[in-house]
Amino acid sequence: MANLKLKNIKKSFADQVALDDLNLDIADGEFFVILGHTGSGKTTTLRCIAGLERPEQGEIYMDDELISDMTPANRDVAFVFQEHILYPHMTVYENMAFPLHPRGYSESEINSKVVEIAEMLHIEHLLERQPSQLSGGETQRVGLGRAMVRQPKVFLMDEPISALDAKLRAEMRSEIRLRQRQTGITTLYVTHDQTEAMSMADRIAILKDGGVMQVGTATEVYRSPANLFVADFIGNPSINLISGKVLAEDENILMNFLGNLKWQVTDAEIVKKLAVVDRDCEVILGVHPEDISLEDGQDTNGIPAEIYESEPLGAETIVSLSLGENTEGETIILKARTSPDFDEAAGQSVSINFDQKRVLFFDAVTGKAIR
Amino acid sequence: MASKRQIGLGHYIILIVIAIAVVVYLIPIYWIIVTSLKSPSDIVTKVPKFLFRVTWENYHKLMPAEIPLIFYVFLVESLIGIFLVCLSLKKDVVIVRSLIPVGCIVFVLTGFYAFVTTVNYNFLMLIVYAGAVYWLIRKTATTATQVLLIWGSLVAFSLVAVCVVLSGAGSKYFHQLLNSIIIGFGSTILAVGLGTFSAYAFSRFEILGKEDLLFFILSTRMLPPVVVVIPVYLMYSKLGLRDTHLGLILLYTTFNLSFAVWLMKGFIDEIPKEYEDAALVDGYTRFQSFFKVVFPQSVTGIAATAVFCLITAWNEFAFALVLTEVGGKAVTAPPSITSATGSGGVDWGMIAAKTFIFLLPVAVFTFLMRKHLLRGVTFGAVKR
């Protein structure tokens, strides 16, 4: 068990920068998820921590001890890979015992440790099998066991379950989370799946182009994203982003979209926030699908819209709403999450309103949140 | 009863074509065998004789005047070994596995007996080798392949012992066959060993000028080797490497090395890097992770490469002829076979007998390895 500190890590491959001044601070026993698109440097971060890659710059501390110059063997971390988890030429037992051999345990100690972990993960009946005889879920379970059997200071997991089918993934998600809580070992978990990140993490770091965009709990990154990238990344269906201008009319602050649509900001806090923004300045309004309400048209502050399409998902219905065309001739579509009883036909005119407390504003130029 | 699958006309045509191909390919071998069993007058008839009196005369000429008893002991041992190899090929028979220590002990004991009675130091070497092989694989001999490997090596040792016995008793041809074995296997082990290590380095590490180096290695195969016969001859004369085992081993290793590096690089590229990364994180050194993770997974590739290298070295004729002296100590089998053409005419019977004995080991070896070979050759072609 250990805390982990990454300071100003820089790493590039050939002429491509993988990590650019990366800083992370991971607490002891934390389940920390690194979320990012392909090529954002997630895996490189893990490999740097494991010692499989050498950063050109920066320091890595584990338990306040500098580990940047140590060999992978001395760092006492366990790595769970996405693919190629088990050695195909060894049985499950041999695979699980493999990390124990270099640590000088006796055969009987190894045996008892492997059996203990196997029983914990309910894979004791698989011990004599070859990896080729295992299903996807079983393979992942054994892979997890292989990492756990050594009781390392830190677990590093590189998309360990993204190759599984949806149902198994959900199962393994809770399995991994449960085992992490049981052992209390600091875990770094890399994924590109935001649902996975949100559901498992104590804290999430969102990575883009080798830099950290935001670190926070699932609620934090969802409710107050630091910038447009994070806002757009988190949430499914993703947040609605509409560009507009801030207007001041008769002491009222208004948002103006598409030149002709106006929405009055009444919430005192947002008014305060928008005070720093110049009038007639381009801003981007972000609103999550569940924060859009559909009304009959009586609402004075409502924005007229047309129903474009609706997707009934059972527990909810996702409604696409058309606001009209912008100057480039693109139709602005908003997605709203409504109750499953919603049954307005496409083409129907409605009036929509945004939850005053929940809307977010971003600077159109820098992309940063206005707060 | 389930209805039989309909066999169409197409199947019959394919079968007939295959049958014709098999006959075409086997006729030369059949002819060599038949010729080696004919008397000189039957060989040179104008109309080929298909019915003739079988004579063992040609083989007798290759044997020493007096065959020691220990020869038969080794022959029986290797026959039993071959039987057990076939058994373990079928499936991992427990008896075959549990008989490994017995086989090794019997081999070592007969080796000692042969050493004491003939005082031939080759036997000491064989005993050491057998012990080493047993010791290396004994601990982990769990899979059928490893069992096969141990028995295969014991058979190989017995066959080498047969050659040693016969050459010790005065047979020239078996001495030359022994040279072929020493030079062929020696150069194969060197080429594949060096090739595997350098292929690993090329596959896994950033090496300055990697592409150029690889091309340079390949370029050594771009000129026909015979072109350099004269320079090599002059060089070897100066260095005193002519007509030595070491000289030919080094030469064949050079021929095969580029091939081994390229082929092995293909195999090692196929092994995911993650396996070694995992081993490194688990606390193994780079060297250990190579032997524990990469090596076991590239055994098929190593076997395929080794067979190709062995066949090249085994069949090589031009350099073996030029770089050895007639009747010298390092003459291999191929030049020896042609030496039967003298002023007294061509002794076809002897050529046939020598040729048959010459192709027997490689044919058996390739036949036993056919599954691994097929897997090895198609390994890189299958995208996973």
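Helix B:370-379 versus the longest principal axis of chain B: what angle, 0 to 90°, nearest 10, using Cα atoms?
40
Rounded to a whole number of µm²/s, how large is the Stokes-Einstein D of region B:172-384 at 4 °C and 1.567 mPa s, given Rh as the Kirkwood radius over C-alpha pairs? Don't jump to the answer; show the numbers that get you there.
On the way: Rh = 19.0 Å.
Value of D from the Cα-based Kirkwood radius: 68 µm²/s.
Could you tell me what fraction of 2.2 N^0.38 Å the Cα radius of gyration of region B:64-170 comes to, as a two-decimal ratio?
That works out to 1.07 for region B:64-170.
Starting from the Kirkwood Rh over alpha-carbon pairs, what translational D in µm² s⁻¹ does region A:271-371 have by Stokes-Einstein at 20 °C and 1.002 mPa s?
Value of D from the Cα-based Kirkwood radius: 144 µm²/s.
Please report, to two decimal places, log10 I(q)/I(0) for chain B at q = 0.08, 0.09 Å⁻¹ as given by the Debye formula with identical point scatterers on the Cα atoms and no solvent.
These q points yield log10 I(q)/I(0) values of -0.52, -0.67.
Amide H of residue A:240 versus every other amide H placed in the peptide plane: which residues, excluding those fewer than 5 positions away on the same chain, fall under 5 Å?
A:287, A:288
Per residue of region A:26-34, what does 6.51 cos²θ - 1.76 cosθ + 1.60 with θ = phi - 60° give for ³J(HN,Hα)? Whole Hz please, x for Gly and Pro, Karplus curve as stated.
With coefficients 6.51, -1.76 and 1.60, one gets 10, 7, 4, x, 7, 9, 10, 10, 9 Hz.
Angle check, please: helix B:144-168 long axis (alpha carbons) against the longest principal axis of chain B (alpha carbons), in degrees 0 to 90, nearest 10.
It works out to around 40 degrees.
By its C-alpha gyration tensor, with a ≥ b ≥ c as the square roots of the eigenvalues, how is region A:69-149 shaped: rounded for a/c under 1.5, else prolate for a/b larger than b/c, else oblate?
Oblate, since a/c reaches 1.5 and b/c is not below a/b.
Less than 24 Å apart at the alpha-carbon level, and either on another chain or at least 8 residues along: which lysines does that give for residue A:208?
Straight-distance partners of residue A:208: A:5, A:7, A:10, A:11, A:42, A:368.
Please list, short to long, the whole-number percent of alpha-carbon pairs of region B:1-125 in consecutive 5 angstrom bins beginning at zero.
All Cα pairs, binned at 5 Å, distribute as 2, 8, 10, 10, 9, 11, 12, 13, 10, 7, 4, 3, 1, 0 percent.
Under 30 Å between C-alpha atoms is the cut-off here; go through region B:172-384 and count lysine pairs that meet it, provided they're at least eight residues apart or on different chains.
20
Amide H of residue A:80: which non-local residues (sequence gap of 5 or more, or other chain) have their own amide H closer than 5 Å, using H built in the peptide plane?
For residue A:80, whose amide H was placed from the backbone, the distant partners under 5 Å are A:156, A:157, A:158.
Which one, A:178, A:211, A:201, projects farthest toward the positive side of the charge dipole computed for region A:127-217 from Cβ point charges (K/R +1, D/E -1)?
Highest projection toward the positive end goes to A:178.
Mind checking B:271-278 for the average number of partner chain beta-carbons within 10 Å of each residue's beta-carbon?
What the average comes to for B:271-278 is 6.
What Rg and what Dmax come out for the protein assembly as shown when only alpha-carbon atoms are used, in angstroms?
37.5, 126
Which longest uninterrupted range of chain B lacks any chymotrypsin sites (Phe, Trp or Tyr not before Pro) assigned by DSSP to a loop state (not H, G, I, E or B) and surrounded by at most 12 other Cβ atoms within 10 Å?
B:206-384
Going by alpha carbons, how many degrees (0 to 90, nearest 10) lie between the helix axis of A:136-148 and the longest principal axis of chain A?
With both axes taken from Cα atoms, the answer is about 70 degrees.
In whole Å, what is the distance between the alpha-carbon centres of region A:285-336 and region B:43-88?
Their Cα centres are 92 Å away from one another.
Setting aside same-chain residues fewer than 8 positions from residue A:113, which aspartates and glutamates have a Cα under 13 Å from its Cα?
Output for residue A:113: A:94, A:124.
In the neighborhood of residue A:127, defined by Cβ-to-Cβ distances under 11 Å, what is the net charge if each Lys or Arg adds +1 and each Asp or Glu adds -1?
-3
Where the only charges are on Cβ atoms (+1 Lys, Arg; -1 Asp, Glu), what is the dipole of region B:172-384 about its Cα centre, to the nearest 20 debye?
About 320 debye.
If each Cα of region A:4-233 is one equal point scatterer, what is log10 of I(q)/I(0) from the Debye formula at q = 0.09, 0.11, 0.15 Å⁻¹?
After summing over all Cα pairs, the log10 values are -0.37, -0.56, -1.02.
Computed over the Cα atoms, what is the radius of gyration of region A:155-236 divided by 2.2 N^0.38 Å, N being its residue count?
Ratio of Rg to 2.2 N^0.38 Å for region A:155-236: 1.10.
Since every read-out is calculated from the coordinates, none of them should be taken as a lab result. Just so it is clear, the model here is predicted, and its values are computed rather than measured. Neighbour counts are summed over all protein chains in view; Cβ atoms, including those assigned to glycine, are modelled from backbone coordinates with ideal geometry.
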